[in-house]
Amino acid sequence: MNHNVGDDFVRIGIISLLQAVLGEFETTVIHKHFPAGVRGRLWQQVDRMTRGISKRFDWRGRLARMADFLPLNAAEDKILNCDLLVQSGAPMYWKNRWSTCAQTEWFAPLVEKRWRQISQRVPLLNLGAGSCQAWGSDGAEIVSDPECRSFIDRFTRWSSLTTVRDKLAQNIVRECGHEVPLLPCPAIFSPGALNIQGQPGQYIALNYMPYGGHYDLAETGAEARQKWENVFCKTARDLARRQACMLICHDRAELQLAECLLPDIPRFHSEVWQDYLHAYSRCSSAVVNRVHGAVVAAVMGKQVLLTGNDTRLLMAAEIPGVTVHPVQEVWDSFEERVADMLRRPLKEQPTAFLETTRSRYIELLRPILSA
């Protein structure tokens, strides 16, 4: 959907699991951040055409909310005509100064308004749900919020199956009254779904994000951003002087930043999400901020050092081969940590881990989908 490469890794991983139980089926993709797209082709075109509009005045959100006042068209509506609805893994549980999971733009129009009409015959699955809090959070700020608790309780009760991808997410749901299984993110199955294997290493894959992640949830400010920029860029330049490196840029903003900060290091960027799996398959190791870049590189047998600033790091900690460090803990030792990783022996693809995890997912899905 050209929205987030990591989302595509998760989606194709989930589809491969469902195919193992159901065989072949038709898949319809919904861009949940523009819920009006569920109404049919016209609104899907509106989604694509308006993605470049400034977020300053929330034009897309307003447009989607206005569309929700229109009558439902049962003949074209994607959810009203589905046989199975899957929420495809992402941060599901969060609360920060700007928003909470209870305020998400898609739950009311897609789940409450539509799926509830067909809930007696259509299962709802929430697979690979995660947390997204500032590093060090125990989730108490979410659990203590009545609206967040209500959202988590309803979504979990209504779902035929919920799996979570990190320990904090599991604990948050537990504190809201539900026990759910912790399983590695379904993105681990995406290379295998496309028959992409790890290749002999051609370069060290690098990936840089300001603050080390999507958001500055701890509100560390400009000084912290500058400090991480200096540390990462110095390490990247030193690495590139000794061996081949490639900056893997997951979106245009990262590409532009890489061109500005590290112009002498080759860059990779594509509008085709599958290309990223091939790019990670050709690396020898990876030093990244993108959690899903870390995940797919690791399951293709690469040594990975992942740094970040929020609890999505916990997701990657469930994957063999990924070493996880919060950015604020490696400002003074980042280059040394990278050197330690590069000295380790080469890995093999974690076949047993993948097979065991896949079997567990299928074990949970089969009774629900057997009908």
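The values are calculated or read from the model by the stated rules, or taken from the named source; none is laboratory data. Everything numeric here is computed off the predicted structure, so don't read it as measured data. Cβ atoms come from the backbone with ideal geometry, glycine included; neighbour counts cover every protein chain shown.
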- prompt: What tally of residues in the range 249-274 results from selecting those that are assigned to a loop (DSSP other than H, G, I, E, B) and under 19 Å from Leu239 (Cα atoms)?
  reply: 6
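If you take just the helices (runs of 4 or more DSSP H) that sit entirely in the range 31-145, which of them hold at least 1 residues that are acidic (Asp, Glu)?
The qualifying helices (runs of 4 or more DSSP H) are 41-50, 140-143.
Restricting to the range 1-26, give me the number of residues that are surrounded by 14 or more Cβ atoms within 10 Å (Cβ to Cβ) and part of a loop (DSSP other than H, G, I, E, B).
Qualifying residue count for the region: 3.
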- prompt: Picking from Gly136, Gly128, which residue would you name as being at pLDDT below 95 and of a type outside the set (A, V, I, L, M, F, W, C)?
  reply: Gly136
- prompt: Is it fair to say Ala129 is surrounded by 18 or more Cβ atoms within 10 Å (Cβ to Cβ), under 30 Å from Gly221 (Cα atoms) and of a type outside the set (Asp, Glu)?
  reply: yes
- line: The lone condition Val46 fails out of (1) buried (at least 17 other Cβ atoms within 10 Å of the Cβ); (2) within 22 Å of the chain's Cα centre (by Cα) is (2)
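Filter the helices (runs of 4 or more DSSP H) completely within the range 275-371 down to those with at least 1 residues that are closer than 21 Å to Gly213 by Cα.
Result: 291-299, 313-316, 334-342.
Does Phe34 fit the bill of being crowded, with 20+ Cβ neighbours inside 10 Å and more than 30 Å from Ile362 (Cβ to Cβ)?
Judged against the criteria, Phe34 is a match.
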query: How about the range 67-100: which of its residues are farther than 28 Å from Leu369 by Cα, free of Cβ contacts under 8 Å to residues at least 60 places away in the same chain and in the same structural domain as Cys176 (by TED's automatic domain parsing)?
result: Trp94, Lys95, Trp98, Ser99, Thr100
field: Residue match in the range 311-321 (condition: within 26 Å of Leu161 (Cβ to Cβ), crowded, with 19+ Cβ neighbours inside 10 Å and among the hydroxyl-bearing types (Ser, Thr, Tyr))
entry: yes
field: So Thr307, is it in contact with a Lys or Arg (Cβ under 9 Å, 6 or more places away or on another chain) and either β-branched (Val, Ile, Thr) or modelled with pLDDT of 95 or more (or both)
entry: yes
field: Residues being in a loop (DSSP other than H, G, I, E, B) and either within 23 Å of Pro91 (Cβ to Cβ) or of a type in the set (Phe, Trp, Tyr) (or both) - total across the range 192-232
entry: 12
